[in-house]
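A short write-up of the structure that comes next.
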Amino acid sequence: MKVIILSGGFGTRISEYTSIIPKPMIRIDGKPIIEHIMEIYSKYGHNDFYLALGYKSEVIKEYFYNYGILNSNFKINLENGKVTPYQKTQKAWEINLINTGINTMTGGRLKRLEKYIGNETFLLTYGDAVTDLNIEEVIKFHKSHGKMVTVTGVRPPARFGELTINDQNEVLEFKEKPNIREGWINGGFFVMEPEFLNYIEDDFSILEKEPLEKVAKNNQLLAFLHDGFWHCIDTKRDKDNLEEIIRANKKIW
């Protein structure tokens, strides 16, 4: 399946870093968080990535364009300019870097990738959270219920989009960043059918607003509830907390 990673936002709540680099390029344990996210998918055999770029897209493009050099020792012949890495990356990834506009909203970024997605079920996430989620279990759950969208529900602090869920895991209501009522919030890591793109109007569509709200209203949105590890870097404090988890040898994603 294609893996879509929304990677173009301004990241204003963590401007200590995003004044220089885009949020997905903030380093955790020595490498960009977007690379950690890609490794989560790759662990389950999903290596076909589409990065929806926007703000400071050139930073992400340059990183992956020069990935082999940046992540290895190498020698360079100054006479002819030949560069030879001493080791090659073992990552069998195909990375599609697509500029989706500076001011495009989250839904609009996904809509701009419609021609690349085609008619296949696809995976979608944001470029700022890591988890020990079993991606294959989410896909299996999605296929079993036959609905249009599966969203992963997690239980972090009350700062994100809240899901109202019934006993059959049907999402009855989708609200972006309210006060938490029942404890489950939008953790990203979606599985979607291509028909969902019909719910997105244009560049100004916010994924977490009308598109997902309408899908929930039409009983086409179910939640895969994940009680395990999930951590988003929305602020500098979040980044520091995640680094502390790593220093304590508790990295579990």
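The values are calculated or read from the model by the stated rules, or taken from the named source; none is laboratory data. Since we're looking at a predicted model, the values are computed, not measured. Don't worry about glycine lacking a Cβ; one is built from the backbone with ideal geometry, like all the others, and counts go over all protein chains shown.
Table: residues versus (1) assigned to a strand (DSSP E or B); (2) β-branched (Val, Ile, Thr); (3) more than 22 Å from Phe196 (Cα to Cα); (4) out of contact with any helix residue (DSSP H, G or I) (no Cβ under 7 Å at 6 or more places or on another chain).
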position: Gln87; (1), (2), (3), (4): no, no, yes, yes
position: Ala92; (1), (2), (3), (4): no, no, yes, yes
position: Ile95; (1), (2), (3), (4): yes, yes, yes, no
position: Lys111; (1), (2), (3), (4): no, no, no, no
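Among the residues of the range 45-78, those that are part of a helix (DSSP H, G or I) and either of a type in the set (D, E, K, R) or closer than 17 Å to Gln90 by Cβ (or both) comprise Glu58, Lys61, Glu62, Phe64, Tyr67, Gly68, Ile69, Leu70.
Taken together, the residues in the range 113-136 that are in a strand (DSSP E or B) and of a type in the set (A, V, I, L, M, F, W, C) amount to 5. In the range 97-119, the residues that are farther than 25 Å from Tyr67 by Cβ form Cβ pairs under 8 Å with partners that are among the β-branched types (Val, Ile, Thr) and surrounded by fewer than 16 Cβ atoms within 10 Å (Cβ to Cβ), at six or more places apart or across chains, as follows: Met105/Ile206; Thr106/Ile206; Gly107/Ile206.
Every condition in (1) in contact with a Phe, Trp or Tyr (Cβ under 8 Å, 6 or more places away or on another chain); (2) within 24 Å of Ile40 (Cα to Cα); (3) of a type in the set (Gly, Ala, Ser) is met by Ala216 except one, and the failing one is (2). Within the range 1-44, if we keep just the residues that are within 22 Å of Leu70 (Cα to Cα) and of a type in the set (Asp, Glu), the residue that is modelled with the lowest pLDDT turns out to be Asp29.
With respect to (1) in contact with a Ser or Thr (Cβ under 6 Å, 6 or more places away or on another chain); (2) farther than 30 Å from Glu137 by Cα; (3) in contact (Cβ under 8 Å) with a residue 24 or more places away in the chain, the lone exception for Lys75 is condition (3). Within the range 1-39, restricting attention to residues that are assigned to a helix (DSSP H, G or I), of a type in the set (A, V, I, L, M) and in contact with a Ser or Thr (Cβ under 7 Å, 6 or more places away or on another chain), the residue that is farthest from Glu137 (Cα to Cα) is Ile14. Within the range 41-54, residues that are in contact (Cβ under 8 Å) with a residue 60 or more places away in the chain sit with their Cβ atoms under 8 Å from residues that are assigned to a helix (DSSP H, G or I) and surrounded by fewer than 16 Cβ atoms within 10 Å (Cβ to Cβ), at 6+ positions apart or across chains, in these pairs: Tyr44/Glu136; Tyr50/Tyr116. When only residues in the range 16-27 that are surrounded by fewer than 20 Cβ atoms within 10 Å (Cβ to Cβ) and touching a helix residue (DSSP H, G or I) at 6+ places or on another chain (Cβ under 9 Å) count, which is nearest to Lys239 (Cα to Cα)? Ranking the candidates gives Arg27 first. Scanning the range 2-19 for residues that are in contact (Cβ under 8 Å) with a residue 24 or more places away in the chain and more than 17 Å from Asn96 (Cβ to Cβ) turns up Gly9, Phe10, Gly11, Arg13, Ile14, Glu16, Tyr17, Thr18.
When the range 45-97 is filtered for residues that are among the basic types (Lys, Arg) and either crowded, with 16+ Cβ neighbours inside 10 Å or under 17 Å from the mean Cα position of the chain (by Cα) (or both), the ones remaining, listed by number, are Lys56, Lys61.
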